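J.: I'd like to ask you about the structure that follows.
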């Protein structure tokens with residue numbers, strides 16, 4: 001099969017450009033080892049292509065794209081019959097406001113969240129909490145901010161509204177406990193969990209929860225609910241963060257489309273390649 005891989009634009013890959021590219025290269029290698037012809041290109045170049053020409057030459061697309069232009073092109077390509085992982089619908093659903101609602105719909109354990117928070121609703125917040133840009137993905141460290149009181153919340157709400165005038169913001173409760181990262185590929189048996197290195201992170205926000213206490217929890221339960229979220233949202237290649245509390249309860253605080261998988265790159269690449277081939281064989 002001829003397969004096209006679309007890499008993530010640098011603007012959507014802050015401090016992670018090399019790691020994001022490496023997982024795409026690893027998936028390419030896995031697929032090529034299985035006899036497929038695979039080409040990688042960046043999402044800006046993909047957005048410039050003629051959709052009909054792409055549809056004539058490729059049977060499948062795997063992608064980390066996020067830009068609006070590239071997503072519009074992917075949507076047209078899918079309508080022309082080309083399959084994709086993650087598909088247009090899944091990548092769009094990964095926007096914070098949408099995925100948080102989807103998680104609530106499937107009764108996943110999530111922190112209490114106030115949607116469309118603004119200066120008028122600031123008195124409804126319980127502190128400390130997190131205020132987050134919700135209409136897309138965080139590009140900069142201050143798109144997600146930890147606030148401990150009303151004054152800091154007010155200052156950051158005004159700043160974010162100025163930065164993103166028409167965007168939605170959400171406020172989520174801060175939960176104490178171990179911060180745990182998870183990675184998965186829905187439809188496979190791959191699911192990986194690890195504790196982050198708080199000294200080496202994208203934005204340094206992991207320091208808020210401090211060092212891990214290694215509270216016990218049921219990984220199978222976390223895996224099961226994550227696969228349900230992935231199926232509902234169509235974010236089949238996913239990663240995220242959760243908080244493990246002392247009693248073993250967990251709450252999912254982030255669920256993202258196609259992370260870098262830097263802690264488990266080869267296992268993830270093998271699972272993604274398997275998921276792509278499974279998808280091809282079923283269609």
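J.: Of 248, 239, which residue is crowded, with 22+ Cβ neighbours inside 10 Å and either touching a strand residue (DSSP E or B) at 6+ places or on another chain (Cβ under 8 Å) or over 13 Å from residue 192 (Cβ atoms) (or both)?
T.: Checking each option against the conditions leaves just 239.
J.: Are any of the residues in segment 204-219 assigned to a loop (DSSP other than H, G, I, E, B), modelled with pLDDT under 95, under 21 Å from residue 96 (Cα atoms) and in contact with a strand residue (DSSP E or B) (Cβ under 8 Å, 6 or more places away or on another chain)?
T.: Yes: one or more hits.
J.: Is it the case that segment 150-161 has a residue that's surrounded by 15 or more Cβ atoms within 10 Å (Cβ to Cβ), closer than 16 Å to residue 98 by Cβ and without any contact (Cβ under 8 Å) to a residue 60 or more places away in the chain?
T.: The answer is no, given that none of the residues of segment 150-161 is surrounded by 15 or more Cβ atoms within 10 Å (Cβ to Cβ), closer than 16 Å to residue 98 by Cβ and without any contact (Cβ under 8 Å) to a residue 60 or more places away in the chain.
J.: Among the residues of segment 115-143 satisfying the criterion of being at pLDDT 90 or above and assigned to a strand (DSSP E or B), which is nearest to residue 175 (Cα to Cα)?
T.: Restricting to residues being at pLDDT 90 or above and assigned to a strand (DSSP E or B), the top hit is 129.
J.: Could you please give the count of residues in segment 118-136 that are touching a residue at least 12 places away in the same chain (Cβ under 8 Å) and more than 15 Å from residue 160 (Cβ to Cβ)?
T.: Residues in segment 118-136 being touching a residue at least 12 places away in the same chain (Cβ under 8 Å) and more than 15 Å from residue 160 (Cβ to Cβ): 4 in total.
J.: Here's a follow-up. Anything in segment 26-46 that is surrounded by 15 or more Cβ atoms within 10 Å (Cβ to Cβ) and free of Cβ contacts under 8 Å to residues at least 24 places away in the same chain? List them, or say none.
T.: 28
J.: Now, a different point. Kindly indicate the residue of segment 256-278 that is within 16 Å of residue 195 (Cα to Cα) and under 15 Å from the mean Cα position of the chain (by Cα) and also surrounded by the most Cβ atoms within 10 Å (Cβ to Cβ) among those meeting that condition.
T.: 261
J.: Then there is this: Would you mind telling me which numbered condition in (1) assigned by TED's automatic domain parsing to the domain that holds residue 44; (2) modelled with pLDDT of 95 or more; (3) not in a helix (DSSP H, G or I) residue 183 fails?
T.: Looking at each condition in turn, residue 183 falls short on (1).
J.: Only one residue in 78, 59 is touching a residue at least 24 places away in the same chain (Cβ under 8 Å), under 24 Å from residue 277 (Cβ atoms), in contact with a strand residue (DSSP E or B) (Cβ under 8 Å, 6 or more places away or on another chain) and assigned by TED's automatic domain parsing to the domain that holds residue 274, so which one is that?
T.: 59
The values are calculated or read from the model by the stated rules, or taken from the named source; none is laboratory data. Predicted model, so just to flag it, every value in this text is computed and none were measured. FYI the Cβ positions are ideal-geometry reconstructions off the backbone, even for glycines, and counts take in every protein chain you see.
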